[in-house]
1. Considering the zone a paramagnetic label at E18 would reach in this model (a point 7 Å from Cα along the Cα-to-Cβ line), which residues of the range 44-75 have amide N under 11 Å from it?
2. Quick check: net charge around L69, other residues with Cβ under 10 Å of its Cβ, Lys/Arg +1 and Asp/Glu -1?
3. How big is the antiparallel share of DSSP beta bridges in the chain, given as a percent to the nearest 5?
4. Given Cα pairs under 8 Å that are at least 6 residues apart, what percent is the relative contact order of the chain?
5. Around S340, with a cut-off of 14 angstrom between Cβ atoms, what is the net charge of the other residues, counting Lys and Arg +1 and Asp and Glu -1?
6. Quick check on the exposure proxy: order M422, M121, M223 from fewest to most C-beta atoms within 10 angstrom.
7. Can you give me the angle between helix 315-328 and the longest principal axis of the chain, using Cα atoms only, in degrees from 0 to 90, rounded to the nearest 10?
8. Given that compact globular proteins tend to follow 2.2 N^0.38 Å, what is the ratio of the alpha-carbon Rg of the range 387-435 to that value?
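None of the figures in this text is laboratory data; all of them are computed from the coordinates on show. Values in this document were obtained by computation on a predicted structure and should not be read as measured data. No Cβ is skipped: glycine too gets one built from the backbone with ideal geometry, and neighbour counts run over all protein chains shown.
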Amino acid sequence: MSGYECPQNLRSGPGSREAHTRARAIIPGGVNSPARAFGKVGGGPPVVLLRGQGARVWDVDGNSYLDYLAAYGPLILGHAHPRVVEAVSAAVRQGPLLGTPTPGETELAETLRAAIPSLEMVRLLTTGTEAVMTAIRLARGYTGRRLVVKFDGAYHGHSDPVLVRAGSGAATVGVPDSLGVGSATASEVVSLPYNDLGAVRGFFAARGEEVAAILVEPVAGNMGLVEPEPGFLPGLRRLATAAGALLVFDEIITGFRFHHGAVQDLLGVTADLTCLGKIIGGGLPLAALGGRRAIMSRLAPEGGVYQAGTHAGNPLAVAAGLATLEELGRPGVYEELERSGAVLAEGLRQLAADRGIPVTLNRRGSMFTLFFTAEKVRDLAGAEASDHRRFARFHRLLLDRGVLLAPSPYECWFTSTAHGPMELEETLEAAAAAFAALD
Ligand SMILES: Cc1ncc(COP(=O)(O)O)c(C=O)c1O
């Protein structure tokens, strides 16, 4: 993963540069999440944003951008959606944190269960990292086993076990195996190639009885978007069941992205435990873990698997989540999202083809990745083989033309309900100019 050098960022104005210099003196790398750094798409300061509205964001220099970062996935209604703002404003007036159960938490849990049949019980948490960390602890507590099988290039947050060959920001900054993760932890995690059912079968034949959980993004989103091949998820389901292991779906990106529910119900494979985050918090920190009653009831205080949180089920986040899920329940919303995803992705593919630039476009609904390669991308090796130098150039060229993407070839573009025909047309015009300037 080298060869990212890029010309000087033309777009980052003096305000972004100054803000970043000040941040770097006090915050490691000047960012509070490594995925936000621009170091690997040409270096220089990241764009420092002040505000967002609808499909657009504005930086500290007053430049505006059409936003396809969507804060890494949550903002399916765009920025500062009026319903969400109203709901959060009302909630904050009632007191932002109460420290006891609140009716809104139960309402949200019920809303999630109504949308995702496999969630017989639900626990609300604050971050996706916590949801996956708790799912692993619960799977281990329930099965009495230690081993976790995961997949190369997946990202499941930053708890120790899942940083073994992780994707997303970890892959981008070149530390997929983090320092500080002990060898004992690493020995309890096995990372196999995504979409390689044969490898999982082989592993289960040897050690299936030691496996507590198979942890998988049912549609991968952290090596770029990679679809499960036919048979892969049903195969995992069969292997887990036969070995007495749990199947855990990380739907932190995919939950409510493609329809009003989890992608598992579109794919016809049911998880024992499901992790949710991002969209269900409507832009505020909220996550959930849900699944079979027999397993979920092992969580404290009903059972002996401990998990807790001062901010778990935070009233503001619950209010934002409920408003978001209600908006997403309006008729036609997902059809609109499918349309905007298709128009943009097909437009980009055509523009690249017109210029003879080899690309592969993996898309589902309002989420896609444009890989700079002619080859099919079905796993991390495929994503790594795409032209990262070209991506870095393209990223910068789009930024200079007012289009914001995640600063990594391992992330996705997300459209929102705020991306209408005008925004899409403007984006495709910028992309046409970017492709024309790409070498
Ligand atoms: C699939 C997936 N799982 C887990 C996480 C971790 O969530 P959080 O950043 O809220 O801790 C992410 C974050 O990007 C993710 O994409």
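1. The answer is 61.
2. Values: positive: R36; negative: D67, E411.
Cβ neighbours under 10 Å give a net charge of -1.
3. Working: 25 of 42 bridges.
Beta bridges within the chain, antiparallel portion: roughly 60 percent.
4. Working: 911 pairs, mean separation 99.5, N = 439.
Here the relative contact order equals 23 percent.
5. Details: positive: R257, R339, R363, R364; negative: D67, E335, E336, E338, E346, E423, E425, E426.
That works out to -4.
6. Details: M422 10, M121 17, M223 31.
Taking fewest neighbouring Cβ atoms as first place, the list is M422, M121, M223.
7. Its long axis makes an angle of about 70 degrees.
8. Numbers: Rg = 11.0 Å, N = 49, 2.2 N^0.38 = 9.7 Å.
Against the compact-globule rule of thumb, the ratio is 1.14.
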